[in-house]
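One structure is given here, and the rest of the page talks about it.
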Amino acid sequence: MNCHDVDRAFTEESQLPPQAQDHVRNCNRCQELVKVLNMPSPVDAPSPPALRQIVERLATNLRPVRPVAPARYFFGAFVGFFVSIAALGVYRMGAFAIAVMTPLQTVAILSALAISTGLLAYSLVHQMVPGSRHRIPPRLLPIAITLSLAVVIAVLFQFQREQHFWGNAWACIRAGTSIGALAAVPFWLMLRRGAVLSPIMSGAAIGLLAGLVGTSVLEFHCPNLDAWHILVSHLGVAMLCALAGLLIGLAVEVKGYGR
């Protein structure tokens with residue numbers, strides 16, 4: 001038995017074996033080691049008042065957590081608000097475009113808008129519940145939807161030269177963004193009922209969803225079938241609303257980090 005064996009015995013067992021104890025009696029170095037290891041800890045436990053003060057400080061900003069509703073509830077609410085506001089807009093403005101579009105154009109563009117709406121609503125529901133798995137990355141979904149709709153429009157409609165292009169475009173943009181702003185209010189109230197972790201992504205998705213309400217109304221209402229007009233003034237409404245939502249989400253996130 002030597003000093004190395006004593007060191008190993010301390011690390012492997014709670015008490016020294018008899019042979020190690022005999023070595024310690026005759027070894028000054030090991031006696032010092034035993035004194036150090038048997039020395040009580042210099043750190044005292046916190047006093048009850050100190051513990052109470054720590055607990056009070058930790059609990060200062062704690063608030064009750066509101067249970068999150070089932071995902072199907074949020075999904076149904078988003079789709080319900082979308083359809084209701086779009087139907088109200090078409091009722092007030094009129095569905096003049098249906099009479100001039102071919103059945104293929106009508107079915108294709110409305111199906112594309114419906115699929116885009118469903119994907120956005122599905123993504124938003126999962127963004128409202130932390131820890132949810134996203135089949136499509138929420139950062140890429142708004143871009144993918146915008147590009148897909150642009151391709152559908154370019155395929156379905158012909159590009160023409162229009163004499164009063166910007167005047168006609170501005171009329172549709174003004175009407176569509178007004179409807180998008182109206183739709184953004186209930187969408188935003190629904191978003192607040194969840195636990196959003198990325199205001200930027202959720203803001204862009206909410207803005208695009210609200211903008212697609214305006215785009216859908218314009219597709220029912222506007223009889224101008226020029227592809228340039230539809231891309232700029234109809235799909236442009238959704239893009240403008242998405243940009244506005246992204247900027248608002250960025251402002252919210254910066255304000256949150258500044259606290």
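The values are calculated or read from the model by the stated rules, or taken from the named source; none is laboratory data. Here the structure is a predicted model, which is why all the values come from computation and not from measurement. With ideal geometry, Cβ positions are generated from the backbone for all residues, glycine too; neighbour counts draw on all protein chains shown. Heavy atoms of the whole protein, side chains included, go into the accessibility calculation; ligands, DNA and RNA do not. Shrake-Rupley method; radii C 1.70, N 1.55, O 1.52, S 1.80 Å.
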Q. Taking the stretch 132-146 as the region of interest, how many residues are hydrophobic (A, V, I, L, M, F, W, C) and open to solvent by 30 Å² or more (accessible area, probe 1.4 Å)?
A. 4
Q) Going by the conditions given, is Ala183 farther than 17 Å from Asn224 by Cβ, in contact (Cβ under 8 Å) with a residue 40 or more places away in the chain and among the small types (Gly, Ala, Ser)? A) yes
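When you scan the stretch 147-158, how many residues do you find that are open to solvent by 70 Å² or more (accessible area, probe 1.4 Å) and of a type in the set (Gly, Ala, Ser)?
Number of matching residues: 0.
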Q: Only residues that are within 14 Å of Ser178 (Cβ to Cβ) and without any contact (Cβ under 8 Å) to a residue 12 or more places away in the chain: list them for the stretch 189-238, please.
A: none
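Please enumerate the residues belonging to the stretch 120-147 that are of a type in the set (A, V, I, L, M, F, W, C) and farther than 27 Å from Val232 by Cα. Talk me through it step by step, then tell me what you get.
Just the residues of the stretch 120-147 that are of a type in the set (A, V, I, L, M, F, W, C), to begin with: 120-121, 124-125, 128-129, 136, 140-141, 143-145, 147.
Matches in the stretch 120-147: Val125, Met128, Val129.
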Q: Scan the helices (runs of 4 or more DSSP H) fully inside the stretch 1-119 and keep the ones with 1 or more residues being modelled with pLDDT under 90 and of a type in the set (Ser, Thr, Tyr).
A: 3-12, 71-93
Q. Among the residues of the stretch 101-131, which ones are open to solvent by less than 70 Å² (accessible area, probe 1.4 Å), of a type in the set (A, V, I, L, M) and without any contact (Cβ under 8 Å) to a residue 12 or more places away in the chain?
A. Ala114
Q | Output for the stretch 164-177, where each listed residue is free of Cβ contacts under 8 Å to residues at least 60 places away in the same chain and either under 26 Å from Gly194 (Cβ atoms) or open to solvent by 70 Å² or more (accessible area, probe 1.4 Å) (or both) | A | His164, Trp166, Arg174
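Based on this model, can you work out whether Arg161 counts as among the charged types (D, E, K, R), modelled with pLDDT of 85 or more and surrounded by fewer than 19 Cβ atoms within 10 Å (Cβ to Cβ)?
Against the criterion (among the charged types (D, E, K, R), modelled with pLDDT of 85 or more and surrounded by fewer than 19 Cβ atoms within 10 Å (Cβ to Cβ)), Arg161 qualifies.
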Q: Could you pull out the residue among Ser233, Ser202, Ser198 that is of a type in the set (Gly, Ala, Ser), open to solvent by less than 60 Å² (accessible area, probe 1.4 Å), touching a Leu at 6+ places or on another chain (Cβ under 8 Å) and under 24 Å from Phe74 (Cβ atoms)?
A: Ser202
